[in-house]
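Below: one structure, written as structure tokens.
The values are calculated or read from the model by the stated rules, or taken from the named source; none is laboratory data. Just so it is clear, the model here is predicted, and its values are computed rather than measured. Cβ coordinates were reconstructed from backbone atoms using ideal geometry, including for glycine residues, and neighbour counts include every protein chain displayed.
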């Protein structure tokens with residue numbers, strides 16, 4: 001399901017879930033875990049285009065020193081906002097494909113505010129995917 | 001040692017720093033640059049991102 005840019009005149013941008021990223025981000029969770037179920041449900045909704053997506057921009061200089069230029073995010077479950085109502089998030093990077101078309105490519109999935117302080121949040125995971133290392 | 005990979009039960013894990021000055025292992029995260037090289041993709045330009053995201057808000061998270 002493509003994302004339709006606001007303002008008109010711009011071509012729709014596809015939303016993609018690469019198999020490597022999906023395995024590393026979502027399938028690291030147990031098959032019966034709520035996180036994995038929520039990610040699968042959100043992906044299905046995104047791909048069928050049955051919901052308006054409440055995108056937010058990621059920060060090039062985030063509050064935990066994460067640097068996510070060129071990225072947007074969706075909170076999961078879709079349609080919810082608060083940390084308790086939507087405890088997970090997808091981060092997407094805008095990419096240019098070999099045919100020069102653009103796509104939002106999922107680069108990270110995880111908890112927004114992990115209760116376990118040793119757990120990396122979704123922004124830290126996205127930073128590591130983009131930059132190859134944690135802060 | 002940090003950045004090395006180990007395979008346990010058929011899954012790849014990477015040695016990464018923990019938050020207490022030590023190290024731990026976690027499932028590997030393939031760098032985006034490596035995936036771009038394999039797929040022939042690249043990060044879109046800042047202009048393209050701004051063109052598509054001008055009306056998209058920030059919040060107080062990352």
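Considering the stretch A:63-109 alone, what residues qualify as being surrounded by fewer than 19 Cβ atoms within 10 Å (Cβ to Cβ), facing chain B (nearest Cβ under 8 Å) and out of contact with any strand residue (DSSP E or B) (no Cβ under 8 Å at 6 or more places or on another chain)?
Residues satisfying the conditions are A:63, A:64, A:69, A:98.
What is the number of the single condition among (1) at pLDDT 95 or above; (2) more than 9 Å from every other protein chain (Cβ to nearest Cβ) that residue A:11 does not meet?
Result: residue A:11 fails condition (1) only.
With chain B as the region, which strands (runs of 3 or more DSSP E) entirely inside it contain at least 3 residues that are over 30 Å from residue A:15 (Cβ atoms) and more than 8 Å from chain A (Cβ to nearest Cβ)? Steps first, answer last, please.
Numbers: elements: B:5-8, B:11-17, B:23-27.
In chain B, the matching strands (runs of 3 or more DSSP E) lie at B:5-8.
Looking at residue A:118, is it over 12 Å from the mean Cα position of the chain (by Cα), more than 10 Å from chain B (Cβ to nearest Cβ) and farther than 21 Å from residue B:51 by Cβ? Quick ask: steps written out before the conclusion?
Details: over 12 Å from the mean Cα position of the chain (by Cα): yes; more than 10 Å from chain B (Cβ to nearest Cβ): no; farther than 21 Å from residue B:51 by Cβ: yes.
It is false that residue A:118 is over 12 Å from the mean Cα position of the chain (by Cα), more than 10 Å from chain B (Cβ to nearest Cβ) and farther than 21 Å from residue B:51 by Cβ.
Here is a yes/no grid of residues against (1) touching a residue at least 24 places away in the same chain (Cβ under 8 Å); (2) closer than 19 Å to residue A:123 by Cα:
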position	(1), (2)
A:36	no, yes
A:40	no, no
A:43	yes, yes
A:47	yes, no
A:60	no, yes
A:64	yes, yes
A:68	yes, yes
A:71	yes, yes
A:76	yes, yes
